[in-house]
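Undergrad: For reference, the structure I am asking about is given below.
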Amino acid sequence: MATQRSLIAGNWKMNLLSEAGEALARGLARRAAADAPAADIVLCPPAVMIPLVAAALSDSPIAVGGQDCHAEPAGAHTGDISAEMLADAGCRYVIVGHSERRADHGETDGTVHAKAAAAHGAGLIPIVCVGERADQRGADAIGVVVRQLTDSLPEGAGADNTVIAYEPVWAIGSGRTPSLDEIGDMHGHIRTWLDGRSGTGADFSILYGGSVNADNAAEILALDGVDGALVGGASLKQKDFWAIVESCT
Ligand code: PGA
């Protein structure tokens with residue numbers, strides 16, 4: 001089973017203005033300096049706040065990530081941001097294929113594949129999100145996730161340059177989570193699939209995401225095969241996010 005250090009990723013989504021974002025980043029940097037947490041941490045603020053958050057975290061082990069990137073390094077793509085730009089602004093990670101991007105912007109596995117490859121090209125670690133919708137729950141969920149992985153992961157994706165996040169769409173922001181058995185089973189299937197692909201399944205970081213909070217984090221993060229969490233709502237409050245970080249042992 002995997003033995004890598006846990007990763008807790010905070011996805012701020014389209015929330016917070018600069019004053020609150022900077023205060024949150026500074027507060028977390030202070031906690032990290034004081035507590036020497038057992039997990040690696042990355043904050044993914046809205047793009048306009050990346051330089052501010054990167055500056056607030058400059059003396060901290062907490063990393064910065066983007067919430068999305070374009071597949072091309074530059075060009076005529078109004079409103080988009082390239083992986084190179086994220087790296088240039090101080091990011092180490094970028095989330096790709098989040099279900100909100102898939103739903104709001106029609107992103108397909110092919111789009112996610114190209115974005116993950118672009119992230120690799122810029123030296124970023126993509127956090128590749130997969131997960132079944134409510135209507136795909138049950139027996140079909142494993143097939144859905146395996147198909148997403150097959151079509152979303154570029155050839156060069158390995159344990160050293162890619163993180164997987166299993167996020168059942170119906171669990172995101174809903175306050176509902178799968179049972180611990182269901183989470184453990186899906187992570188096991190994902191790891192087995194990764195192992196079949198490259199023989200390095202045990203080395204991958206596979207995060208769980210979807211309504212992780214200060215109360216349920218410890219039991220989810222203690223599951224075999226769960227290497228961390230992708231946290232939305234609970235990442236917006238220092239106390240809640242830090243409680244999740246501290247759930248990692
Ligand atoms: P949530 O979001 O923690 O608010 O459910 C998780 C995510 O979308 O990554």
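Undergrad: Ala118 versus (1) crowded, with 19+ Cβ neighbours inside 10 Å; (2) under 24 Å from Ala56 (Cα atoms); (3) free of Cβ contacts under 8 Å to residues at least 60 places away in the same chain; (4) among the aliphatic types (A, V, I, L, M): which is the lone unmet condition?
TA: Unmet condition: (2).
Undergrad: Looking at Gly199, Gly188, which one is over 17 Å from the mean Cα position of the chain (by Cα) and modelled with pLDDT under 95?
TA: Going through Gly199, Gly188 in turn, the sole match is Gly199.
Here is a yes/no grid of residues against (1) in contact (Cβ under 8 Å) with a residue 40 or more places away in the chain; (2) farther than 24 Å from Arg102 by Cα; (3) not basic (Lys, Arg):
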site	(1), (2), (3)
Leu149	yes, no, yes
Ala157	yes, no, yes
Asp181	no, yes, yes
Gly196	no, yes, yes
Tyr208	yes, no, yes
Ile220	yes, yes, yes
Val226	yes, no, yes
Val231	yes, no, yes
Ser247	no, yes, yes
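Undergrad: Kindly indicate whether Ala157 is more than 16 Å from Phe204 (Cα to Cα) and crowded, with 16+ Cβ neighbours inside 10 Å.
TA: No: the conditions fail for Ala157.
Undergrad: Restricting attention to helices (runs of 4 or more DSSP H) lying wholly within region 153-247, give those where 3 or more residues are out of contact with any Asp or Glu (no Cβ under 7 Å at 6 or more places or on another chain), under 28 Å from Ala118 (Cα atoms) and away from the ligand (no atom under 16 Å from the Cβ).
TA: Where helices (runs of 4 or more DSSP H) fall fully within region 153-247 and carry at least 3 residues being out of contact with any Asp or Glu (no Cβ under 7 Å at 6 or more places or on another chain), under 28 Å from Ala118 (Cα atoms) and away from the ligand (no atom under 16 Å from the Cβ), they are 180-198.
Undergrad: If you don't mind, another one. Please go through (1) in contact with a strand residue (DSSP E or B) (Cβ under 9 Å, 6 or more places away or on another chain); (2) within 16 Å of the ligand (Cβ to nearest atom); (3) more than 19 Å from Val245 (Cβ to Cβ); (4) not basic (Lys, Arg) for Gly10 and return the number of the only condition it doesn't satisfy.
TA: So the condition that Gly10 fails would be (3).
Undergrad: For Val53, are the conditions met, namely being farther than 19 Å from Trp12 by Cβ, surrounded by 21 or more Cβ atoms within 10 Å (Cβ to Cβ) and not small (Gly, Ala, Ser)?
TA: So Val53 does not fit the description; no.
Undergrad: In the list Thr108, Thr192, which residue meets the criterion of being in contact with a Lys or Arg (Cβ under 8 Å, 6 or more places away or on another chain) and surrounded by fewer than 17 Cβ atoms within 10 Å (Cβ to Cβ)?
TA: Selected residue: Thr108, the only one of Thr108, Thr192 that is in contact with a Lys or Arg (Cβ under 8 Å, 6 or more places away or on another chain) and surrounded by fewer than 17 Cβ atoms within 10 Å (Cβ to Cβ).
Undergrad: Considering region 78-89 alone, what residues qualify as being in contact (Cβ under 8 Å) with a residue 40 or more places away in the chain and within 17 Å of the chain's Cα centre (by Cα)?
TA: Of everything in region 78-89, just one residue is in contact (Cβ under 8 Å) with a residue 40 or more places away in the chain and within 17 Å of the chain's Cα centre (by Cα), namely Ala83.
Undergrad: Scanning for something β-branched (Val, Ile, Thr), within 16 Å of the ligand (Cβ to nearest atom), farther than 20 Å from Thr177 by Cα and touching a Pro at 6+ places or on another chain (Cβ under 8 Å), does region 107-123 turn up at least one residue?
TA: no
The values are calculated or read from the model by the stated rules, or taken from the named source; none is laboratory data. All figures in this text were calculated on a predicted structure; none of them were measured in a lab. Neighbour counts run over all protein chains shown; Cβ positions are idealised from the backbone, glycine included.
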